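Report on one structure; see the data block that follows.
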Amino acid sequence: MDNGTNIYKPLRAKLTEVIDESPLIKTFVLVPEKKFMFKTGQFIELTVDGTGEAPFTPSSSPLVTDVLEVTVMKTGYVTTIMHDLKPGAYMGIRGPYGRGYPVDKFHDKEVLILGGGCGLAPIRSLLYALENIKGKLKRVILCYGSKTPADCIYKPLFNRLNKIDKFETYRTVDQADDEWNESVGVATRLLDNISVNIKESIAVVCGPPIMMKFGTLKLLEMGYKDEQIYLSMEKNMSCGLGKCGHCMMGKYFVCKDGPVFTYDEIKDQPNIWS
Ligand SMILES: Cc1cc2nc3c(=O)[nH]c(=O)nc-3n(C[C@H](O)[C@H](O)[C@H](O)COP(=O)(O)OP(=O)(O)OC[C@H]3O[C@@H](n4cnc5c(N)ncnc54)[C@H](O)[C@@H]3O)c2cc1C
Ligand code: FES
């Protein structure tokens, strides 16, 4: 998607709010100096002045162009400095880059979504897009796993989705506390209790590599075909433009050909889960 800007030049954006989602995850609410358009599942490079940039998939609605939300887990150098930013700071946005979710192909389907940890960020954006076309969908089932109840992000999202016709959500944690009254166990275990018409369904998986791998295997075991499974892949990235080669996964540039692929497209490429 073209925002009419120089692809190398970050668009300035003002940080207006920082939302604590979990001890390690924050959502940054940004107001770009110009409208910013993206397709759900595409990613951006987000810059902290004087520090560096890192790739993130917007977690906000692709229908909203004047505010962009990015949900960031603190993992290293750039993300730690991001987590210290306060409202009023300016950041830079490059992109959007890559290929997002082909939501047109989800029409008339039961959409089964498996998310883990911070992988719910791109999925939240997808859910907004699906909500917008819910008349064209049969059903949307969200299965989400996190380590503990405190690590469970977007708590209000689940309450809201459960009130929307055709949407249903299920959550699980690896380790419960006294107040948790939902499932306990790894995210893939939620799929054991889901009944879907697989012929009329597609599945979306986004989360840590281990969950992507076992989630995909579980979906195949349930009867999904390789081409019915959509995966959002994360590889080390630098340019985001298919030029530097940092993100190579076999024959693919994840930044340009992905980050969303069907399992069918990537299953024969090396090291897809690492
Ligand atoms: C297309 C794409 C979309 C992404 N979307 C999001 C998102 O919405 N929210 C989010 O929190 N993160 C997302 N990531 C991951 C994010 O880019 C990394 O966490 C970030 O680059 C780490 O930067 P850093 O400088 O803080 O860490 P570094 O100092 O570079 O690394 C610190 C540690 O984090 C690990 N690390 C670095 N990059 C990744 C990665 N891509 N995945 C997992 N571990 C990594 C390193 O191996 C190292 O152990 C996405 C990555 C890609 C490629
Ligand atoms: S990040 Fe440079 S080629 Fe993909």
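The values are calculated or read from the model by the stated rules, or taken from the named source; none is laboratory data. For clarity, every value in this text was computed on a predicted model and none was experimentally measured. Backbone-built Cβ (ideal geometry, glycine too); neighbour counts: all protein chains shown. Keep in mind that these areas ignore ligands, DNA and RNA; they rest on the heavy atoms of the full protein, side chains included. Shrake-Rupley method; radii C 1.70, N 1.55, O 1.52, S 1.80 Å.
Would you point out the residue of the stretch 226-235, among those that are away from ligand 1 (no atom under 12 Å from the Cβ) and not hydroxyl-bearing (Ser, Thr, Tyr), that is surrounded by the most Cβ atoms within 10 Å (Cβ to Cβ)?
ILE229
Is it the case that the stretch 215-225 has a residue that's in contact with a strand residue (DSSP E or B) (Cβ under 8 Å, 6 or more places away or on another chain), within 13 Å of ligand 1 (Cβ to nearest atom) and among the small types (Gly, Ala, Ser)?
Checked the stretch 215-225: no residue is in contact with a strand residue (DSSP E or B) (Cβ under 8 Å, 6 or more places away or on another chain), within 13 Å of ligand 1 (Cβ to nearest atom) and among the small types (Gly, Ala, Ser).
Looking at (1) crowded, with 22+ Cβ neighbours inside 10 Å; (2) outside any strand (DSSP E or B); (3) over 16 Å from the mean Cα position of the chain (by Cα), can you tell me which one ALA176 breaks?
Every listed condition holds for ALA176 apart from (1).
For the stretch 82-169, give me every one of the strands (runs of 3 or more DSSP E) that falls completely inside it and has 1 or more residues that are crowded, with 22+ Cβ neighbours inside 10 Å and more than 16 Å from ligand 1 (Cβ to nearest atom).
110-116, 139-146
Could you list, in sequence order, all residues of the stretch 233-247 that are among the polar types (S, T, N, Q) and either more than 6 Å from ligand 2 (Cβ to nearest atom) or at pLDDT 95 or above (or both)?
The answer is ASN236, and nothing else.
Give me the residue from the stretch 236-256 that is within 16 Å of ligand 1 (Cβ to nearest atom), over 16 Å from GLY95 (Cβ atoms) and not small (Gly, Ala, Ser) and, out of that set, least open to solvent (accessible area, probe 1.4 Å).
It comes out as MET249.
Among the candidates VAL78, VAL67, VAL72, single out the residue that is open to solvent by 10 Å² or more (accessible area, probe 1.4 Å), away from ligand 2 (no atom under 16 Å from the Cβ) and among the hydrophobic types (A, V, I, L, M, F, W, C).
VAL67
Can you tell me which residue among PRO208, PRO270, PRO259 is over 18 Å from the mean Cα position of the chain (by Cα) and either within 14 Å of ligand 1 (Cβ to nearest atom) or open to solvent by 30 Å² or more (accessible area, probe 1.4 Å) (or both)?
Being over 18 Å from the mean Cα position of the chain (by Cα) and either within 14 Å of ligand 1 (Cβ to nearest atom) or open to solvent by 30 Å² or more (accessible area, probe 1.4 Å) (or both) holds for just one of PRO208, PRO270, PRO259, which is PRO270.
Can you find a residue that is under 13 Å from the mean Cα position of the chain (by Cα) and surrounded by fewer than 22 Cβ atoms within 10 Å (Cβ to Cβ) anywhere in the stretch 40-51?
Within the stretch 40-51, not a single residue is under 13 Å from the mean Cα position of the chain (by Cα) and surrounded by fewer than 22 Cβ atoms within 10 Å (Cβ to Cβ).
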